1. Quantify, in whole percent, the carbon and sulfur part of the accessible surface of region 288-327 (1.4 Å probe; protein heavy atoms only).
2. Explain nothing, just compute: Karplus ³J(HN,Hα) = 6.51 cos²θ - 1.76 cosθ + 1.60, θ = phi - 60°, for every residue of region 283-292 in order, whole Hz, x for Gly and Pro.
3. With charges only on Cβ, +1 for K and R and -1 for D and E, what is the dipole size of the chain about its Cα centre, in debye, rounded to 20?
4. Let me check I have the definition right: for region 16-147, take the eigenvalues of the Cα gyration tensor, multiply each by 5, take square roots. What are those semi-axes in whole Å, largest first?
5. What number comes out for the charge environment of Met174, summing +1 per Lys or Arg and -1 per Asp or Glu over other residues with Cβ under 12 Å away?
6. Evaluate the chain: find the radius of gyration of its Cα atoms, find its Kirkwood radius, and give the ratio Rg to Rh.
7. Starting from the Cα of Arg136, step 7 Å along the direction of its Cβ; do the same at Glu77; then give the gap between the two resulting points in nm.
8. Restricting to Cα pairs below 8 Å that are 6+ residues apart, what does the relative contact order work out to for region 138-182? Please round to a whole percent.
Amino acid sequence: MRIVVLAGGIGGARFLRGLKAASPEADITVIGNTGDDIHLFGLKICPDLDTVMYTLGGGIHEEQGWGRADETFTVKEELAAYGVGPEWFGLGDRDFATHIVRTQMISAGYPLSAVTEALCARWRPGVRLLPMTDDRVETHVLIDTPEGEEDAGSKGGRKAVHFQEYWVRHRAAMPAHAVVPVGAEHAKPAPGVLDAIAESDLVLFPPSNPVVSVGTILAVPGIREAIADAGVPVVGLSPIVGGAPVRGMADKVLSAIGVESSAAAVARHYGSGLLDGWLVDTGDAAAVDEVESAGIRCRAVPLLMTDLDATAAMAREALALAEEVRA
Ligand code: GDP
Ligand code: CA
């Protein structure tokens, strides 16, 4: 069975681990979000691709969910001693090596898709990991200009900051007025992306952020259309449980696009034109009718990825729902 998964970072990566356990023989292609990518210290950093690669390849810091296990921070400390930041973005020594290799290959002319394949030759994630695009897309967030930070870039009391600055530096503490995947409208799907969708037997949306992970991937022209046209079941799992994200601040970016933080509202946001099936948590069973009345088949099942068994069970539920809508 050929499965395509649209993945962000932690939520996507953890779900993929469960999917591999639930369906070891499946041929899985992951289309990874690159809107979170950031250039720091002259290096290109792809947080979501790396989270998937490290998680499936056994190199992830398990408790944290991102970054490398057994990490040290000597380079960061030395940079700080020079007064060189940003200090709010945690890059460890082991992780730096990944970004150095990536940047070196990109400087030599390789597209990100080829670089990702080369990095995966080491990590062997057991899936085909494709960036959504080889082109540069950067998610920016429009916020009220923080006190004392007025500059040429801030207009009418508002300024656009890089998604990582909003998310990591500010911990999404202020309202997001808009979320813009800058560059997406001119981006082309990376080689292999549209073919993988067209040749798939089903498409899954893991419990990844609907706005800045899955939403960004869908903003690359051609990807949404390819999924809608593939004629295969498209099934998603809610990242919102009990009216709040299980982890992180997805509610902040949902409100920026006018979507309520509820499992049903996220399903309606994707819409029946895209989504055939949707899983909500058992605690949100009351949302099932609302989702179904929007034309999306819905089931309530446990959706907390507490361990591999629980996550594999979620994946099996998603596969079962896919077969149900296919029939
Ligand atoms: P990021 O790029 O690291 O933010 O990761 P993703 O976009 O892939 O996933 C983030 C989303 O995963 C958040 O909105 C969380 O609510 C969701 N999430 C994390 N852990 C769980 C879980 O155990 N169950 C569910 N249903 N969602 C989860
Ligand atoms: Ca991310």
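The values are calculated or read from the model by the stated rules, or taken from the named source; none is laboratory data. Only a predicted model underlies this, so the values are computations on that prediction, with no experimental measurement involved. Please note: Cβ atoms are built from the backbone with ideal geometry, for glycine as well, and neighbour counts cover all protein chains shown. Accessible surface is based on the protein model in full, side chains and every heavy atom, while ligands, DNA and RNA are left aside. Shrake-Rupley method; radii C 1.70, N 1.55, O 1.52, S 1.80 Å.
1. Answer for region 288-327 is 52 percent, counting heavy atoms of protein chains only.
2. Running phi through 6.51 cos²θ - 1.76 cosθ + 1.60 with θ = phi - 60° gives x, 9, 3, 5, 7, 4, 4, 4, 5, 5 Hz.
3. Details: 27 positive and 44 negative charges, 68 e Å.
It works out to roughly 320 debye.
4. Whole-Å semi-axes of the equivalent ellipsoid: 26, 18, 16.
5. Value of the local net charge: +1.
6. That ratio equals 0.96.
7. Computed distance between label sites Arg136 and Glu77 equals 3.4 nm.
8. Here the relative contact order equals 57 percent.
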